[in-house]
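This report refers to the structure that appears directly beneath it.
What follows draws every value from the coordinates through simple rules; no lab data is involved. The model shown is predicted, which means the values in this text are computed figures rather than measured ones. Ideal geometry is used to build each Cβ from the backbone, glycine not excepted, and the neighbour counts take in all protein chains shown.
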Amino acid sequence: MTAGRLILDDGELTYHRRGEGPPVVLLHAGGLGGAMWDRQFDLLARDHTVVRYDARGHGESSPITGPYSHHEDLRDLLDVLDLDRPVLVGLSLGARTAIDFAVAHPDRVADLVLVGPGVSGMKFEDPFILDQLTRIRAATTVDEVAECVLRMWVDGPHRSPDEVDPAVRELCRALTVHAVSSGVFTTMPDEVHAVDRLGELTARTLVVVGDLDSSDIRAVADLVLASAPRAEQVVVEGAAHLVNLDRPDEFDRALLRFLSASR
């Protein structure tokens, strides 16, 4: 495995690269980091060149200090690593970044795997999510903010915290506390408002969504399916937002089946 750091004008991104074969880039959820892909990173490296990285303010990458764009950071990383038309596998914020990148640079993407997808320009309407966002605005400590984030995106609207694997929740808590402290939830990136441009996603696209995810995310998944001309969808039962952590076996099967069909 190769570890490296991409030097930006106002910060650094940390990445890991492993394996040989068709390139795949793993993009993590907001508030988490590349560590959420540990299992898939090892699995995909058997037959692919696989890259995972920590977005700004996440994991081992530098804190957010000014204006930035996740999808242009991805472009810079692909340039440095000389990766030609990778498959982008993104969850939540990672899917949001992958969609922005595919809209802005359609010739640089092979396929898309969008898991629990967000999309730039979306609006939150799920009452549970809106309640947690209100609690975040009233929070006075990092731990309070992190707990709200976990309630939204780890537990989800249909589960209590004690119904989630404690190891998954602890991993996500540690990563989220770090991200909150790095300014992830207070400084918004420049985006392309892709919610109105999903018909421009010309790449073959797999949408994976948990049946216990919020209504907002389920709506985005359905919108991608209806708008992108080459999209298909898999709904994973018993999974909330973090499908690869909630139901790793089911997720891995869907991912590998999709990747094998692209060869």
*For ARG85 and GLU125, what is the calculated FRET efficiency with R₀ set at 35 Å and r taken between the beta-carbons, to the nearest 0.05?*
0.50
*asked:* Please compute the modelled spin-label separation between THR186 and ALA226, points set 7 Å along Cα→Cβ, answer in nm with one decimal.
replied: 3.8
*Considering only DSSP beta bridges with both partners in the chain, what is the antiparallel share in %, to the nearest 5?*
30
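Calculate the FRET efficiency for SER215 and ASP42 from the Cβ-Cβ distance with a Förster distance of 22 Å, rounded to the nearest 0.05.
Details: r = 33 Å, r/R0 = 1.52.
According to the calculation, E is roughly 0.10.
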_Roughly how far apart, in whole Å, are the Cα centres of the stretch 184-233 and the stretch 45-69?_
20
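Which trypsin sites (Lys or Arg not before Pro) from the stretch 2-78 combine a DSSP loop assignment with at most 14 other Cβ atoms within 10 Å? Don't skip to the end; give the middle numbers.
On the way: sites: ARG5, ARG17, ARG18, ARG39, ARG46, ARG52, ARG56, ARG75; in loops: ARG46, ARG56.
The qualifying sites are ARG46.
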_Dipole of the chain, positive end: most advanced residue of TYR53, ALA95, ALA110 [Cβ charges, Cα centre]_ = ALA110
_Calculate the FRET efficiency for ARG257 and LEU133 from the Cβ-Cβ distance with a Förster distance of 51 Å, rounded to the nearest 0.05._
0.90
*At 0.36 nm per residue, minus the direct Cα-Cα distance, what do HIS105 and ALA174 gain on full extension? Give it in nm, one decimal, please.*
21.5 nm
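Answer rounded, prolate or oblate for the stretch 127-181, using the Cα gyration tensor with square roots of eigenvalues a ≥ b ≥ c: rounded when a/c is under 1.5, else prolate when a/b is larger than b/c, else oblate. Don't jump to the answer; show the numbers that get you there.
Details: a/c = 2.47, a/b = 1.10, b/c = 2.24.
Because a/c hits 1.5 or more and a/b fails to exceed b/c, the stretch 127-181 counts as oblate.
Explain nothing, just the number: relative contact order of the stretch 127-181, from Cα pairs under 8 Å at least 6 residues apart, as a whole percent.
Dividing the mean separation by the residue count of the stretch 127-181 yields 36 percent.
Based solely on its DSSP helices, what 222 nm [θ] is calculated for the chain when runs of n ≥ 4 H residues each add -39,500 (n - 2.57) and the sum is averaged over all residues, nearest 500 deg cm²/dmol? Write down the numbers at each step before the final one.
Numbers: 9 runs with 99 residues, N = 263.
Computed mean residue ellipticity for the chain: -11500 deg cm²/dmol.
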_Relative contact order %, the chain, counting alpha carbon pairs below 8 Å whose residues are six or more apart_ = 19
